[in-house]
């Protein structure tokens, strides 16, 4: 992505973010909607928007409809994430033809403050109290202790390394981020990079902040607290800065997928942070290195008191939009979709031999093996199950997204591109983002305090 594209994207994101209203909308809650489900006679129709392929959704919807008499799910295919967001904004603004379940496309606080989401806390709480959801799945669906989406949970975060290249140069599997930096210095001598940090994608940095237990936004009383320069953020910045300063990371863009895959497949970059949803794609797309990769634990901070993996995934939840006529029925259907064994089983795809990852469930064990492709890990395939389950158990979600998160992320992308290019440091980036985010919130008349 070139700098002009970044600026255009940032402008578009700020326009979208500018529709956000004051924090009090989020803190007060939007109410649980005008829902007549308890008095309704006969089945109600819950329109369900999702951008996944019909072959993935249709069998699950059919299973729901075959096992429920009072609610009928109607799947309406969306083009993609941005298209879903645009269509929903138009429907909510018009006040008609509003769906009742939507694959989430953003952070709960931002969507709530924009007036797009219904507060479903009262309807969802009984299911939460029954323990149907994994604890780490809950935060991404919340804003100020109110639920605006049915939690979906994230996919486990681990790493895969090109073990053939590691062994070729006698380098041990990295257990910590310091180990990875040291490995990178050795690999560099042979013209090999330890990792990839794309100039348009700060996600690795964000995940490192989350892994350290940090969050750039928090809610305190009736105000937002912004803290980009916390000890957790500085710890993450130190790791990334060392990776950049020591020139041990490549900077291949994600904008050219074929070139990116060819590079990953070439043996010139040998450590990939991954999750289960990516594995089948890599097996299908790699032509040279299939069988050379090994699943390993996500590197930890050297002083970590426990094993932790970042597990924040807002788009896995199911949003109940503002204006939905059957919010309680939508919650019931959403809970079934995200937590019922029958729903997971119905998601099985015979071509990939995979199920949709059950990130919301406390125990995903029955579906782990199907997430592991046959050939990608070669002789290391059997190790994947333990690595994945350890990542699940170590999953933590300390992240809170503020009401201007969309615009903030676009600004972060611009700053990140400069940091990767060594035009600024990660510490300067954090200082700049602190000032920008506070000023932006104040410009929107949102009550904010700096740490």
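With a/c under 1.5 counting as rounded, go ahead and sort the range 215-371 into rounded, prolate or oblate using the C-alpha gyration tensor (a ≥ b ≥ c being the square roots of the eigenvalues; past the cut-off, prolate if a/b is larger than b/c, else oblate). Oblate shape, in that a/c is at least 1.5 and b/c is the bigger or equal ratio. In the chain, Cα pairs under 8 Å separated by at least six residues give a relative contact order of 29 percent. Note on residue 168 and residue 304: the model spin-label points, each 7 Å out from Cα along the C-beta direction, lie 2.8 nm apart. Taken as Cα centroids, the range 127-153 and the range 391-451 sit 24 Å apart, rounded to the nearest whole angstrom. Extending 7 Å from Cα along the Cβ direction at residue 58 and again at residue 222 yields two label points whose distance is 5.3 nm. As a rough guide to protection, the peptides 76-87, 192-203 ranked by mean Cβ packing within 10 Å, highest first, stand as 192-203, 76-87. Viscosity 1.306 mPa s, temperature 10 °C: Stokes-Einstein D of the range 123-270 from its Kirkwood Cα radius, in µm² per second? Estimated diffusion coefficient is 88 µm²/s.
What FRET efficiency do you get for residue 145 and residue 259 if R0 is 45 Å and r is their Cβ-Cβ distance, rounded to the nearest 0.05?
Approximately 0.50, to the nearest 0.05.
With a/c under 1.5 counting as rounded, go ahead and sort the range 300-377 into rounded, prolate or oblate using the C-alpha gyration tensor (a ≥ b ≥ c being the square roots of the eigenvalues; past the cut-off, prolate if a/b is larger than b/c, else oblate). Oblate, since a/c reaches 1.5 and b/c is not below a/b.
Relative to the first principal axis of the alpha-carbon coordinates of the chain, what is the inclination of helix 426-443, with its axis defined by its Cα atoms, in degrees from 0 to 90 and to the nearest 10? Relative to the chain, helix 426-443 is tipped by roughly 20 degrees. Calculated mean residue ellipticity, 222 nm, the chain: -12500 deg cm²/dmol, from DSSP H runs (n ≥ 4) at -39500 (n - 2.57) each, averaged per residue and rounded to 500.
Taking a ≥ b ≥ c as the square roots of the eigenvalues of the alpha carbon gyration tensor, the range 285-343 is prolate, as a/c is not under 1.5 and a/b beats b/c. Against the chain, whose longest principal axis is taken from its Cα atoms, helix 81-94 shows a tilt of about 20°.
For 67, 229, the sequence from fewest to most other C-beta atoms within 10 Å is 67, 229. Taking the C-alpha atoms only, the angle from helix 327-339 to the longest principal axis of the chain is near 30 degrees.
Peptide packing for 253-262, 304-313, 321-330 was compared via the average number of neighbouring C-beta atoms within 10 Å per residue; ordered from the highest value, the list is 321-330, 304-313, 253-262. Packing here is the average count of other Cβ atoms within 10 Å per residue, and on that basis the peptides 290-300, 345-355, 383-393, highest first, run 290-300, 383-393, 345-355.
For the range 206-293, averaging the sequence separation of C-alpha pairs within contact (under 8 Å, six or more residues apart) and dividing by the residue count gives a relative contact order of 18 percent.
A value for Kirkwood radius over Cα pairs in Å was derived from the coordinates, and within the list (i) 21.8; (ii) 23.5; (iii) 22.9 it appears as (iii).
Read-outs throughout are calculated quantities, based only on the coordinates presented, and are distinct from any laboratory measurement. This structure is a prediction, so every number in the text was calculated from the model and none was measured. Methodologically, a virtual Cβ is constructed for each residue, glycine included, from the backbone with ideal geometry; neighbour enumeration extends over all protein chains shown.
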